[in-house]
Amino acid sequence: MRRLLLAFCLLLPLSGLADERTISSPEGTLSLTVSLREGKLFYAVECNRLQLVEPSRLGYRTSQEDFSEQLSLVDWQQSRIDRLHTFSRIKTASSHYVANVLKATLKNRHGRLFTVEFRLDDRNLAFRYLLPKDGEEASVRIMEEMTSFRLPAITTTFLTPQSDPMVGWKRSKPSYEEEYEADAPMDQPSQFGHGYTFPALFRVGDRGWVLISETDVDSRYCASRLTDYSPSEGYRIAFPMAEENNGNGTSEPAMALPGATPWRTLTLGATLHPIVETTIPWDLVEERYTPSIPYRLGRSTWSWIIWQDPSMNFEDQCRYIDLAQAMGYEYILIDAGWDRQIGYERMPELFAYARERGVEPWLWYSSSGYWNDITQSPVNRMDNPIRRKKEMQWLREQGVRGIKVDFWGGDKQETMRLYEAVLSDANDYGLMVIFHGCTLPRGWERMYPNFVGSEAVLASENLVFGQAHCDREAFKATLHPFIRNTVASMEFGGTILNKRLNRTNDGGSIRRTGDVFQLATAVLFQNPIQNFALTPNNLEDAPDFCIDFMREVPTTWDEVRLLDGYPGRYVLLARRHGNRWWVAGVNATSEPLTLTVALPEGFRHGQLYLDNEQLAPSRRTIKLQKNTLPITIAPNGGVVLVER
């Protein structure tokens with residue numbers, strides 16, 4: 001009864017203009033307080049009556065006006081949203097989004113108006129700025145946001161730093177592939193002095209967890225990041241660095257009026273379950289255009305990840321087409337250099353070979369030619385609309401189903417425009433799109449129906465590039481389900497069954513993880529198109545039951561549940577595809593990990609895959625009287641349970 005009365009009261013009109021308002025989420029789990037203090041606007045958030053976000057600044061400055069100080073309240077408005085959403089390319093097939101809405105309209109010292117819209121559900125707070133058209137001014141440039149996130153002093157962090165711009169391979173950074181550090185103190189400076197990349201995970205002692213990110217970023221704004229920590233302000237929103245994109249484009253976004261900024265999101269919970277299971281990046285956005293054709297999701301082979309550049313020849317690509325056919329995979333990804341090493345003239349012959357075997361091709365492209373020094377080709381095809389449409393017309397005529405576009409230049413609004421333009425044009429030609437060397441996608445799985453994933457993480461290629469990455473593979477794998485992959489699809493390109501990471505499986509980096517660990521990542525890492533790192537020799541040298549597992553593992557999911565875990569230590573996750581549950585876990589600690597797995601209700605029969613102490617894989621059939629199962633996961637090992 002108390003909750004019903006509270007919900008009813010939240011929908012009543014507010015009287016008076018008090019300088020503070022508090023609203024609760026629909027079930028009362030979260031509460032939001034918005035207050036005006038000495039002409040400055042603040043917000044704070046509690047979870048189960050414990051403060052997770054301390055009073056934090058709101059506001060911004062434009063090229064014309066200051067909307068951060070000397071503010072006064074004009075109006076409070078409250079309402080409720082109750083919507084059912086369906087999804088096709090994220091970690092779940094649907095969500096029931098119920099949120100209480102608070103809109104605070106304010107004016108600055110010159111009487112100019114703006115509104116801050118807050119949406120509070122039982123797991124998430126989202127807010128954005130609404131900028132009206134006021135007088136003759138029809139456009140505005142946002143020079144700075146005061147938007148901040150102040151967390152209690154007991155907080156530790158799980159963050160990845162923003163890199164220096166225009167450094168690294170062929171001056172292609174930032175590529176959003178920096179290392180995470182787990183449980184670091186807030187006052188520790190970022191590695192490069194440029195703050196941190198979204199998403200950002202925080203543990204507020206024993207009170208709970210906070211994940212900060214943003215969504216609904218498109219051509220109308222830049223993508224943002226967090227500054228370094230300040231004792232007085234916490235973390236603030238920061239715009240791209242001037243040097244990004246080789247200096248092309250402004251760091252500050254500009255918009256037509258009326259306009260709205262992207263949503264900034266905070267997912268909060270006493271445990272990590274709300275973090276892993278949130279759908280807020282997609283609940284807040286709408287589809288930008290309709291799909292031109294029905295897009296088929298699925299699995300792909302990919303020679304470059306293990307066999308590297310020399311494999312981009314006709315004969316090796318035929319071998320990987322044969323591998324795709326043998327695995328029952330829908331696609332092959334033909335990576336950088338195909339235009340030179342195979343040639344445009346011979347590609348139709350390769351496409352015909354694939355079609356005869358029921359396999360459809362994807363092709364790699366560089367995004368640009370003028371904001372880095374990349375020589376991997378094709379280049380200068382995707383950055384110009386005339387060349388891009390001509391190329392996409394050829395791709396459609398050849399039966400190509402998608403493109404992987406690599407080596408992006410940063411987070412400026414100019415780059416966001418190019419992301420959107422490539423996606424929109426590709427849809428016109430019936431092409432799906434994957435981005436690599438790129439920024440975090442921010443709601444794009446729902447906004448763009450042909451978008452099927454981005455890298456934006458230190459992905460599988462680094463395992464090939466250096467032993468140190470193999471040595472830390474388990475640690476990194478236990479981070480992604482809690483951070484990077486919880487807010488967006490993650491094109492990791494993993495599941496490696498070679499023991500050695502080279503063409504002949506006898507040299508290069510040494511894989512430290514077990515085979516079942518690798519199978520588990522096919523479930524732990526969510527992306528609707530999976531480019532797996534299997535090689536033709538795996539049909540002979542990998543255990544048959546591992547190959548059989550990889551033949552049937554899905555890439556789309558209807559539900560996700562966190563069963564147990566701690567970022568950087570271990571993770572145990574359940575995903576449902578249709579009426580079957582797939583449970584996967586890995587252990588990054590130095591000791592065997594014994595858990596009692598609480599399986600989804602009704603899970604009684606299945607197959608258990610497990611790495612033993614020597615990381616030798618096994619598979620056995622299990623029958624359960626109840627939905628709990630004790631298991632022990634070896635260090636660097638994995639476990640998978642598949643319902644039958």
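Summary table
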read-out: Long-range neighbours under 7 Å by Cβ, at least six apart or interchain, first residue within 17 Å of Leu599 (Cβ to Cβ) within segment 553-565, second of a type in the set (S, T, N, Q); value: Trp557/Thr92; Trp557/Gln526; Asp558/Thr92; Glu559/Thr92; Val560/Thr92; Gly565/Thr478
read-out: Helices (runs of 4 or more DSSP H) enclosed by segment 510-562 - at least 3 residues per element that are in contact with a helix residue (DSSP H, G or I) (Cβ under 8 Å, 6 or more places away or on another chain); value: 515-524, 544-552
read-out: Output for segment 530-556, where each listed residue is of a type outside the set (S, T, N, Q) and over 22 Å from Trp362 (Cβ atoms); value: Glu540, Asp541, Ala542, Pro543, Asp544, Phe545, Cys546, Ile547, Asp548, Phe549
read-out: Top-ranked residue of segment 497-529 - restricted to ones that are closer than 30 Å to Thr279 by Cβ and of a type in the set (A, V, I, L, M), ranked as farthest from the chain's Cα centre (by Cα); value: Val516
read-out: Options Thr486, Thr415, Thr439; residue that is touching a Ser or Thr at 6+ places or on another chain (Cβ under 9 Å), of a type in the set (S, T, N, Q) and within 30 Å of Ser590 (Cα to Cα); value: Thr486
read-out: Qualifying position, being surrounded by 21 or more Cβ atoms within 10 Å (Cβ to Cβ) and under 18 Å from Glu613 (Cα atoms), among Ala584, Ala574; value: Ala584
read-out: Output for segment 126-177, where each listed residue is over 26 Å from Arg484 (Cβ atoms) and either of a type in the set (A, V, I, L, M, F, W, C) or free of Cβ contacts under 8 Å to residues at least 40 places away in the same chain (or both); value: Leu130, Leu131, Gly135, Glu136, Ala138, Val140, Ile142, Met143, Met146, Ala153
read-out: Residue check for Ser251: buried (at least 17 other Cβ atoms within 10 Å of the Cβ), touching a Pro at 6+ places or on another chain (Cβ under 7 Å) and assigned by TED's automatic domain parsing to the domain that holds Cys47; value: yes
read-out: Residue pairs meeting the criteria (Cβ under 6 Å; at least 6 apart or on separate chains; first farther than 28 Å from Gly410 by Cβ, in segment 184-209; second basic (Lys, Arg)); value: Trp209/Arg203
read-out: Complete set of residues in segment 79-112 that are assigned to a strand (DSSP E or B), closer than 20 Å to Thr261 by Cα and over 26 Å from the mean Cα position of the chain (by Cα); value: Leu102, Lys103, Ala104, Thr105, Leu106, Lys107
read-out: All positions within segment 589-644 that are aliphatic (A, V, I, L, M) and on the phi > 0 side of the Ramachandran plot; value: Leu615
read-out: Residue list for segment 366-398, restricted to those being among the aliphatic types (A, V, I, L, M) and more than 13 Å from Lys170 (Cα to Cα); value: Val379, Met382, Ile386, Met392, Leu395
read-out: Failed criterion for Asn527 (all others in (1) of a type outside the set (Ser, Thr, Tyr); (2) on the phi > 0 side of the Ramachandran plot; (3) crowded, with 23+ Cβ neighbours inside 10 Å hold); value: (2)
read-out: Output for segment 377-396, where each listed residue is in a helix (DSSP H, G or I) and of a type outside the set (Val, Ile, Thr); value: Pro385, Arg387, Arg388, Lys389, Lys390, Glu391, Met392, Gln393, Trp394, Leu395, Arg396
read-out: Hits in segment 161-183 - residues which are closer than 19 Å to Thr415 by Cβ and either among the β-branched types (Val, Ile, Thr) or not in a loop (DSSP other than H, G, I, E, B) (or both); value: Val167, Trp169, Lys170, Arg171
read-out: Search result, residues across segment 30-61 that are over 21 Å from Arg109 (Cα atoms) and part of a loop (DSSP other than H, G, I, E, B); value: Asn48, Arg49
read-out: Matching option when the condition is out of contact with any Leu (no Cβ under 7 Å at 6 or more places or on another chain) and surrounded by 19 or more Cβ atoms within 10 Å (Cβ to Cβ), among Phe192, Phe239; value: Phe239
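Okay, residues lined up against (1) at pLDDT 95 or above; (2) outside the structural domain of Ala126 (by TED's automatic domain parsing); (3) within 18 Å of Phe118 (Cβ to Cβ):
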{"residue": "Phe198", "(1), (2), (3)": "yes, no, no"}
{"residue": "Ile212", "(1), (2), (3)": "yes, no, yes"}
{"residue": "Tyr221", "(1), (2), (3)": "yes, no, no"}
{"residue": "Tyr235", "(1), (2), (3)": "yes, no, no"}
{"residue": "Arg264", "(1), (2), (3)": "yes, no, yes"}
{"residue": "Trp282", "(1), (2), (3)": "yes, yes, no"}
{"residue": "Arg288", "(1), (2), (3)": "yes, yes, no"}
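Residues checked against (1) within 18 Å of Thr555 (Cβ to Cβ); (2) more than 31 Å from the chain's Cα centre (by Cα):
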| residue | (1), (2) |
| --- | --- |
| Asp316 | no, yes |
| Glu330 | yes, no |
| Leu333 | yes, no |
| Gly337 | no, no |
| Ala352 | no, yes |
| Gly358 | yes, no |
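The values are calculated or read from the model by the stated rules, or taken from the named source; none is laboratory data. Since the structure is predicted, the reported quantities are computational estimates derived from the model, not experimental observations. Methodologically, a virtual Cβ is constructed for each residue, glycine included, from the backbone with ideal geometry; neighbour enumeration extends over all protein chains shown.
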